[in-house]
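Visitor: Got a structure for you, written out below as structure tokens; questions coming shortly.
Bear in mind that the values in this text are calculations on the coordinates, not laboratory data. This is a predicted model, so every value here is computed, not measured. Because the Cβ atoms are built from the backbone with ideal geometry, glycine has one as well, and the counts that use them run over all protein chains shown.
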Amino acid sequence: MAVSTVRRTRFAPSPTGRLHLGHAFAALTAERQADPGKFLLRIENIDAERCKPEFEDAIYRDLDWLGLQWTAPVLRQSDRIPAYQNALQRLAPYSYPCRCKRGDIRAALSAPQEGALPAGPDGLIYPGTCRHRRVNETGPDDVIRLDVARAFDAISDQSLEFQDECLGGGTPFRIDKAQFLKRIGDIILSRRGMGTSYHLSVVIDDAAQGISVVTRGSDLFESTWIHVLLQRLLSLPTPIYHHHRLIRDNSGTRLAKRDNARSLMALRENGVTPEEIRTRLGFS
Ligand code: GLU
């Protein structure tokens, strides 16, 4: 399905801590890549245990201070559970409940394997222990997983592709079923107690917000394959992707939310101006 030619982007932070320079870079990139008035904001707060209202308030304040203006309304994922449930139902033919804990997965993978265990964007590659189970047997402690082999069999072409404006020099990226199974595996569509997952929510909401260009850090590149597969299964358009570089500290380590000293709030309190931040990140 074709996407519109309007460049509509979003910044999609999770309110699990204070925003730092890496977020400022992501937000400024999304704004710069959007057509005028087409930069949106989404609060990714499906994890009720980790997300806090005070961090959400701080997101609005920090973005305001940076001089960013987003077009209303802000989409809050906690308001969207019915939409995710609906998508989960549509994915039921390619889904199964899974009761494996991390230790079970580790044990199952260790048996045939020596050395480092295979890992993908969501951690260890699931060995398929519960794949024989059916969605109508789902128990309260189960997660729901996507049966990737069955999902690939349901779509007409045997490989997926997406365009990246930043990487790849104009050649689309492509992945086939065997590569997907090896590098990513049966991902979780719905986590315990959440009724959704990062991957499912992002796909549903990018479509609901009409996002035509997804700007995000290159650390999420492999996750994008999951999103393209879900778009195909749900007949949603695949946006253009723009995986950008990550902002690192002087030692080359990625910035983290727990690193409060580099938060935008701390920089602001130390007298750093929004103009200085833009300059430092290459946006002036
Ligand atoms: N919420 C995600 C994050 O904080 C980004 C969303 C996305 O680009 O998919 O890293």
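Visitor: For the structure I just gave you, tell me whether residue 269 is farther than 19 Å from residue 27 by Cα, touching a strand residue (DSSP E or B) at 6+ places or on another chain (Cβ under 7 Å) and of a type in the set (D, E, K, R).
Guide: No: the conditions fail for residue 269.
Visitor: Taking segment 250-280, which residues are closer than 23 Å to residue 56 by Cα and surrounded by 15 or more Cβ atoms within 10 Å (Cβ to Cβ)?
Guide: The answer is 255, 257, 259, 262, 263, 264, 265, 267, 268, 274, 277, 278.
Visitor: Also, I was wondering about something else. Considering every residue within segment 89-98, establish whether at least one is within 15 Å of the ligand (Cβ to nearest atom) and surrounded by 15 or more Cβ atoms within 10 Å (Cβ to Cβ).
Guide: no
Visitor: Next up: Need a quick list: strands (runs of 3 or more DSSP E) entirely within segment 1-110 having at least 2 residues that are over 28 Å from residue 280 (Cβ atoms).
Guide: Per the criteria, 95-98.
Visitor: Return the only residue of 134, 150, 145 being under 21 Å from residue 234 (Cβ atoms), loosely packed, with under 14 Cβ neighbours inside 10 Å and basic (Lys, Arg).
Guide: Only one candidate qualifies: 134.
Visitor: Oh, and also: When you scan segment 101-115, do you find a residue that is surrounded by 14 or more Cβ atoms within 10 Å (Cβ to Cβ) and of a type in the set (S, T, N, Q), even just one?
Guide: no
Visitor: Quick one: which residue in 139, 37, 67 is farther than 30 Å from residue 11 by Cβ, more than 16 Å from the ligand (Cβ to nearest atom) and of a type outside the set (S, T, N, Q)?
Guide: Exactly one of 139, 37, 67 is farther than 30 Å from residue 11 by Cβ, more than 16 Å from the ligand (Cβ to nearest atom) and of a type outside the set (S, T, N, Q), namely 139.
Visitor: Still on this structure, please answer the following. Whether any residue in segment 240-249 is closer than 21 Å to residue 79 by Cα, surrounded by fewer than 20 Cβ atoms within 10 Å (Cβ to Cβ), away from the ligand (no atom under 13 Å from the Cβ) and under 17 Å from the mean Cα position of the chain (by Cα) is what I want to check.
Guide: No, segment 240-249 contains no residue that is closer than 21 Å to residue 79 by Cα, surrounded by fewer than 20 Cβ atoms within 10 Å (Cβ to Cβ), away from the ligand (no atom under 13 Å from the Cβ) and under 17 Å from the mean Cα position of the chain (by Cα).
Visitor: Further, regarding this structure: Please determine whether any residue of segment 74-83 is over 18 Å from the mean Cα position of the chain (by Cα) and surrounded by fewer than 18 Cβ atoms within 10 Å (Cβ to Cβ).
Guide: The answer is yes, given that some residue of segment 74-83 is over 18 Å from the mean Cα position of the chain (by Cα) and surrounded by fewer than 18 Cβ atoms within 10 Å (Cβ to Cβ).
Visitor: I would also like to ask the following. With the requirement that a residue be outside any helix (DSSP H, G or I), away from the ligand (no atom under 11 Å from the Cβ) and either at positive phi or surrounded by fewer than 18 Cβ atoms within 10 Å (Cβ to Cβ) (or both), what does segment 217-239 give you?
Guide: 234, 235, 237
Visitor: Then there's this: Look at residue 62 and say whether it is over 20 Å from the mean Cα position of the chain (by Cα), surrounded by 22 or more Cβ atoms within 10 Å (Cβ to Cβ), away from the ligand (no atom under 11 Å from the Cβ) and not β-branched (Val, Ile, Thr).
Guide: yes
Visitor: I'm trying to understand the selection: among the residues of segment 187-216, which are among the charged types (D, E, K, R) and either closer than 14 Å to residue 241 by Cα or near the ligand (Cβ under 8 Å from one of its atoms) (or both)?
Guide: Matches in segment 187-216: 206, 216.
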